[in-house]
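One structure is given below, encoded as structure tokens.
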Amino acid sequence: MAALALLPRTAPAAEDALLGKWLGTAGSAKEKIEVGLEFRRNAEGKLAILTTQPIANLFGTDMGGEVLRDGDTVSSAAMFLNLRLHGDTLSGTYPGPNSPATFKRVRTLPLEPALPRLPTGPAPRWEARLSGQVYASPVVADGVAYIGTTGGILNAIDVRDGKPRWAFSAGRPIHGAVAVTADSVYFAADNGFLFCLARADGKERWRYTLGDAAVTRVLPHPFVYDWDWQGAQPVVAGDTVYIGAGDGGLHAVDAASGQKRWRFDTRGRIRNAVALAEGKVYVGSADHFVYALDAASGRELWRSDTGAEVDAAPVVHAGRVLAGNRGAGLLSLDAASGETHWRLFFWGSWVESTPVVRDGVIYVGSSDLRRVSAINPADGHVLWRSDVFGWNWGTPLVTDKYIYVGAAGGTPYFIRHQASFSVLERSSGRLLTRWPLADTGGHQWGIAGSPALAGDSVIVATIAGSLLAFPLQP
């Protein structure tokens, strides 16, 4: 029997100290959040990162992108991550905009919480069923709610009982809210017209050609993310109507005759209202810019690059212009110059909600963040954020004690979204009541637009095509 050759022993490979779970904090002085990271090797042996970020509703999510390792340093351009390993500590910057972050090794990471068990609050007083879907926000004036639908009908509904006053057929979908004056109703439809109707009976007075009839939309879809569900809302100031269009044009129109006064062209769609202050018009465009124009002539005064599509309407407050965008942020711009005073990161979420300022506090909704936020307008510091468990794209309705919020649900989607009509405590953001809205099929359901106050009721419109009147909280 031949003797076995003695082979040198190979030492076992050292375990990579980076692999495993890490929990820590990231952020700036405006807001710090809890973040969990799990480093592992995928099937190809490449380094991958699973992200747990409760405020962004991410739990063990692979954000994709290449993960690079150089000694004790790990980085991911897609995640704005750059960390260095020091024993049981990881420190560096994560996420955008490159916030300081520190992590410690842990055995477990936070799990997605269940929906809270909350009172539903009172049931709706009435329901008015309309044609098509509704993405627009209702506008209430003198006991009448005005709302357009994708069925191409503008409806005037009595807020006392939900009965129709009149209806007008525009012929194409209506995605934006109306503007109401003492005797007229103004709105735009996807056939490229701005309409002026008599408020008393809905009879057409005139129509103005916006020129964007050929512009197509991409409505919310599970895997196509260039969503374009909002519509431009007219704003009437004195004898002029200001309205944007899908082809990037901003129009100033004579309110009485429908004659053109001026047009200014941006390079992207305009899908919301303008803001007016001190003789200036402020407008956001999908070309990433917020513009300031002379209200009388349309002459450009300044433009400010926000870095992403601006779909929410700008809001002017205390010499600043507040503007949300699809680059995960809310910006505060100088109303005179366009200079950026501060930018608040929304942790990967679009900000398509138009903010509202009340008693020195900004209140604004969000998209994938699912949260209503209260923010200090002076410096962008977050006072609180409250999860309402669904897309809240509309402007929160803020009263002395409460905040009323509509939310949309959707499936399939990489984040869980559930539809509801919710009431929050204004001082703390605490969720008080939540009226769930049933899945009506399709990708999305629930409420896309803003709630509207109507006496002792709150009026909301569902994507499925109903107008609901909830009692106002005492």
Euclidean distance of C-alpha centroids, segment 142-192 and segment 354-388, integer Å: 29 Å
Residues listed by number, segment 210-239, amide nitrogen under 20 Å from Ser257 label point at 7 Å toward C-beta: 210-211, 236-239
Additional length obtainable on full extension of the chain from Asp70 to Leu453, 0.36 nm per residue less Cα span: 132.2 nm
Segment 198-238, dipole about Cα centre (Lys/Arg Cβ +1, Asp/Glu Cβ -1), debye to the nearest 20: 240 debye
Sequence-distant residues sharing a close amide H with Arg370 (under 5 Å, placed H): Asn392
Tyr413-Thr120 pseudo-label distance in nm [points 7 Å out on the Cα-to-Cβ vector]: 2.2 nm
Computed label-point distance, nm, for sites Ala237 and Ala182 using a 7 Å Cα→Cβ extension: 2.1 nm
Descending principal axes extents, segment 21-106, alpha-carbon based, whole Å: 39, 27, 24
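From Cα pairs below 8 angstrom and at least 6 apart in sequence, can you work out the relative contact order of the chain, rounded to a whole percent?
It comes to 11 percent, rounded to a whole number.
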Residues Leu111 and Ala77, FRET efficiency given R0 of 22 Å [Cβ-Cβ distance, rounded to 0.05]: 0.20
Cβ-based charge dipole, segment 21-106, positive-most Cα from Thr89, Leu47, Gly36: Thr89
Eligible lysines near Lys280 by straight Cα distance, threshold 22 Å, same-chain separation 8 or greater: Lys260
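Give me the dipole magnitude in Debye, nearest 20, for segment 21-106 about the Cα centre, with unit charges on the beta carbon: positive for Lys and Arg, negative for Asp and Glu.
Values: 10 positive and 9 negative charges, 32 e Å.
Computed about the Cα centre, the dipole is about 160 debye.
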Two-decimal Rg to Rh for the chain - Kirkwood Rh, Cα set: 1.06
Segment 245-383 - Rg and Dmax from Cα coordinates, angstrom: 14.7, 47
About the Cα centre, charge dipole magnitude for the chain (Lys/Arg +1, Asp/Glu -1 at Cβ), debye: 640 debye
Rounded FRET efficiency, nearest 0.05, which uses the C-beta distance separating Arg303 from Arg41 and R0 of 45 Å: 0.45
Between segment 16-77 and segment 264-326, the alpha-carbon center distance in angstrom: 36 Å
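We did not get these values from a lab; they are worked out from the coordinates using the rules stated. Nothing here was measured: the structure is a model prediction, and the numbers come from that model. Backbone-built Cβ (ideal geometry, glycine too); neighbour counts: all protein chains shown.
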